[in-house]
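To start, the structure under review is shown below, and the notes come after it.
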Amino acid sequence: MACATGIPATDFSRERQILTSAEQVTPQDHVVDDGEIISTKELEGLRNILERITPFMLSCTSAASEVDGSARGEACKHRPNVVGTRHREGAECAPVGARESTMWFPADAGEIRRARDFVRSTISDWGFGRIADDAAVIISELAGNSIRHADSAFFVTVSSHRSDLRLSVGDASELQPTTRESSPSANAGRGLVLVAALSDSWGVESSPGGKIVWADLRR
Amino acid sequence: MVWHVPASRTRPDATATVEELVEADKIEVGIEADGARTPVVKLVGEIDVSNADLVQGAIDRSIEDQRQQVAFDLSDLRFMDSSGLAVLLRVAKRVAVVELRNPAPIVRRIIQITGVSSVFVVSS
C-alpha cells in the first residue's frame, strides 16, 4: 500500500510488550473498559485522530485477566459502528531502522506520570537514554495541557529514525496551545517555553476532532 | 546539623500533611530545620499537574507564616515540570530567600531555561 504520510508503521509485536496492563485485540479493534464501551463520541474522536497519523490498534484498557472474550464480544455486538476493523497493514512503509510505539491514556491527571514512564522506558530501549529527562518534561507538559485545558484522553506516539526522535501527543480538543509571556511573576505559560527549549522543533497539527502536538529531538 | 522538628508538638499540620500525601502515593513533603533554624522542606517524588496543588497546599501548611527564608531539599525530587516550578515560584513570591538544595540536573535545567534562576538560591 502507499504510505502517504511517511510515518513508519507501528510495530505491533513490540507494542504488545509495552502494554503490560492491557491486552491488544486483533484483528479487530475494541475498546473495552471493564466490559463497557467508552462513550461513542470520545472513542470516535480518538479513532479519527489516530487514523490520520498511523496504522493503529485500539487496546483494552483493563487488565487482560479482567476482560474475557465474551465481554469483547458483547462490546462488538452493541457498537458495530465503533468497533470495526481499522488495523491497516503498512509494514512495507517503515523505513529501515524506524521504530514507533503508541500508547493512549484516559483523561486523568494521574496518567501523565504513566505517559512519562512509557516514553522514558521506550526511548531508553531505543538508545535515547541520554535525552530521557528532556523527553519526560516535554511529554509531561503536552499531556498536562491535554488534561488541564482540554480534559481529554490523549495518546502518546514515540517514533525514531536513526538519531532522530519524535514525540507526539494527540487529544480530542481543537484548542491550540498558546505561549504566554513568561516572567518570574507569571505562574503559567512556561510549559511550551520548556517544550521549545528542550526540542529541536515543535508544532501543532489539527486532526479531525482534535489536534496533535509534536516535538522533535536528536540523540 | 539537621534535626527534625518534633512534629507532634510544634508542627502538627506538617505531620498530617506527610501522612496524607504518602498515602496518596503522590509526593512526600516533610519539614525539618537546619542548624541556622531555616525551615527545610523536603520534596520526594515527582511533581506534575496531577499533584501540584496538593504539594502547594502541603508546603503552605508546612512553612506557615515564614517570610524570611525557606530551603527546599530537592535531593530526592526525581522530576518536576512547569507545574512544579510554579509551586516553587509561588513560595518565592512571599518568602524573601528561597534556597533550592541538591536539585536533579533536569530540575536545574528547567530553572535555567525558564529564566528564573535569579529568583532562587540554588546550591548543590
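General observations
- Per-peptide packing, taken as the mean over residues of other Cβ atoms within 10 Å, places A:139-150, B:87-98 in the sequence A:139-150, B:87-98 from highest down.
- In terms of Cα atoms, the Rg and Dmax of region B:42-120 work out to 11.4, 30 Å.
- The phi-based Karplus calculation (6.51 cos²θ - 1.76 cosθ + 1.60; θ = phi - 60°) puts the 3J(HN,Hα) values of region B:64-77 at 6, 9, 4, 10, 7, 8, 9, 10, 10, 8, 9, 4, 10, 8 Hz, whole numbers, x for Gly and Pro.
Every read-out reported here was derived from the displayed coordinates using simple, explicitly stated rules and does not represent laboratory data. It should be emphasised that the depicted structure is a prediction, and the values quoted were computed from it without experimental measurement. A quick note on method: Cβ atoms are made from the backbone with ideal geometry, for glycine too, and the neighbour counts reach across all protein chains shown.
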